[in-house]
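Here the structure is laid out as structure tokens; the discussion comes afterwards.
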Amino acid sequence: MSGVPRRNWAGNVRYAARAFHQPTSLDELRRLVAGSDRLRAVGSGHSFNRFGDTTGDLVSLAGLPPTVEIDRERGTVTVAAGLRYGDVATRLHDEGLALANLASLPHISVAGAIATGTHGSGDGNRNLAAAVAGLELVTADGDLLTVGRADGDRFAGLVVSLGALGVVTRVTLDVLPTFAVRQYVREGLPVEALDAAFASAYSVSGFTSWRSSTIDQVWRKQLADAPPPEADWLGTTPAERPAHPVPGMDPVNCTLQFGEPGPWHERLPHFRLGFVPSSGDELQSEYHLPRAAGADALAALDDMRDRIAAVLQICELRTVAADELWLSPNQGRDTLAVHFTWVDDAAAVQPVLAEVEARLAPFAPRPHWGKVFSIEPAEVAATFPRYADFAALLGELDPAGTFRTPLLDRYFPRD
């Protein structure tokens, strides 16, 4: 099918699938899954590794009905899993509703973001998967499984699933009343003021090129009725012109700044839905560290800043509140997420990446499941208290390995 992508968004992964499918009904999808020995679903393709690659059948959900069903009594919305967050957000805002948070890109699919533990920022905000109240998925035998929070502890293992437990077709999300946000960009934040900056607004991101001793930019997204930052806020200066996180790139595709109020879905992301944020000529890595160890972890990288900067486009620092989802990078601990957008040169990036991981190792880093990382499986497993429980759930729901991939086998080997 021509509508199914052959490469991921960044172009660093060419899918090895023998066939590409875009079913137009749930029954067609169920038959396809039941008749396949190897199958994976693909969303917007914003993952940078091969967890989602397969030599079998690759399936896009873009052809399924784009349903959005609001339940005001329960405070939820149930959406087609292949929809983009930006499209869902627009529908919700039109109905006077909102999601608690969004990622930096509104272009990513709901199912893909949830499966990998994708997040936004904010001391009080959990990752996107923590808003999931229910799931509908097609299991390896083609059956339809519907689960929700009422199903107890097991549900926490089904949400951040790496796409390994079935093809998620519908997702139920918690909603709240719509709200307005103002965004301010500040420059030159002293590193020692980073915690104060994170605590100062609803959602805060710091950007550093690792070329100076300060945080280059702080994107401060505050509720619209909160007072604006003072002129000398935390020793910073206000940006004088619209900013882009990556120096030198055109800010036209970024969300509006300078305190202009706007709806939540047009301020919480860094990029506007109607624009392509970049060409995809990049690699990305991200490590989730215990919030309490964040300052020490950043200090551990300080004397290799020149090597980082040489292969870096930008590094983003964000905070994420703890949740209880088994494979969430934020499971059981408040988090500092350190995100690297590298140049598109794997050979040059890999040795720097390996040194970053070695220096962060004492702080029990958890990788973002959709990014590039090389931490050994045993080290990753040691940071997740429910890792073995997820491996058991994987064996229970997919005993024949329909949704397995070589990279998944490396991190969750079969008994």
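Structure data summary
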read-out: FRET efficiency, 1/(1 + (r/R0)^6) with R0 22 Å, evaluated for ALA322 and LEU145 via beta carbons; value: 0.20
read-out: Normalised contact order of the stretch 117-199, rounded percent, pairs of Cα under 8 Å and 6 or more residues apart; value: 30 percent
read-out: Neighbourhood net charge (11 Å Cβ-Cβ; Lys/Arg +1, Asp/Glu -1) for ASP344; value: -3
read-out: Exposure of VAL159 as accessible area (Å², to 10), given a probe of 1.4 Å and all protein chains; value: 0 Å²
read-out: Share, in percent, of DSSP beta bridges within the stretch 29-84 that are antiparallel, nearest 5; value: 50 percent
read-out: Potential extension, ARG14-ALA382 segment - 0.36 nm per residue separation minus Cα distance; value: 129.4 nm
read-out: Rounded to 5, the percent of DSSP beta bridges in the chain classed as antiparallel; value: 90 percent
read-out: Computed accessible area, GLU266, all protein chains, 1.4 angstrom probe, square angstrom; value: 90 Å²
read-out: The stretch 111-161: relative contact order as a whole-number percent, Cα under 8 Å and 6+ apart; value: 33 percent
read-out: Ranked order, HIS93, HIS107 - accessible area, probe 1.4 Å, largest first; value: HIS93, HIS107
read-out: DSSP-defined beta bridges in the stretch 1-130 - what % are antiparallel, rounded to 5; value: 45 percent
read-out: Gyration tensor verdict on the stretch 210-254 (Cα atoms; rounded if a/c is under 1.5, prolate if a/b is larger than b/c, oblate otherwise); value: oblate
read-out: Qualifying trypsin sites (Lys or Arg not before Pro) in the stretch 162-240, DSSP loop, other Cβ atoms within 10 Å at most 15; value: ARG211
read-out: Largest-first ordering by accessible area, 1.4 Å probe, given options ASP143, ASP216, ASP323; value: ASP143, ASP216, ASP323
read-out: Carbon plus sulfur fraction of accessible area for the chain, probe 1.4 Å, in percent; value: 53 percent
read-out: Of the DSSP H helices in the chain, those whose Cα atoms cover at least 15 Å axially and whose Kyte score averages -1.0 or more; value: 346-360, 387-397
read-out: Most fluctuating residue given options ALA382, ALA297, ALA81, as computed from a GNM of the chain linking Cα atoms under 10 Å; value: ALA382
read-out: The chain - percent relative contact order, Cα under 8 Å, separation 6 or more; value: 18 percent
read-out: Prolate/oblate/rounded label for the stretch 236-369 (Cα gyration tensor, a/c 1.5); value: oblate
read-out: Radius 10 Å from Cβ of LYS221, net charge of other residues (Lys, Arg +1; Asp, Glu -1); value: +3
read-out: Local electrostatic count at ASN8 - Lys and Arg +1, Asp and Glu -1, tallied over other residues with Cβ under 13 Å; value: +2
read-out: Residue with peak Gaussian network fluctuation, the chain [Cα springs, cutoff 10 Å], from ASN127, ASN330, ASN12; value: ASN12
read-out: Debye, to nearest 20: dipole size of the chain, +1 on Lys, Arg Cβ, -1 on Asp, Glu Cβ; value: 640 debye
read-out: Tensor-based shape of the stretch 55-168 (alpha-carbon gyration tensor, a/c under 1.5 rounded, otherwise prolate or oblate); value: rounded
read-out: Heavy atoms of GLU69: accessible area, 1.4 Å probe, square angstrom to 10; value: 90 Å²
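The values are calculated or read from the model by the stated rules, or taken from the named source; none is laboratory data. Since this is a predicted model, take the numbers as computed values, not measurements. In this analysis, Cβ positions are derived from the backbone assuming ideal geometry, glycine residues included, and neighbour counts consider all displayed protein chains. Heads up: the accessible areas ignore ligands, DNA and RNA and are worked out on the full protein's heavy atoms, side chains in. Shrake-Rupley method; radii C 1.70, N 1.55, O 1.52, S 1.80 Å.
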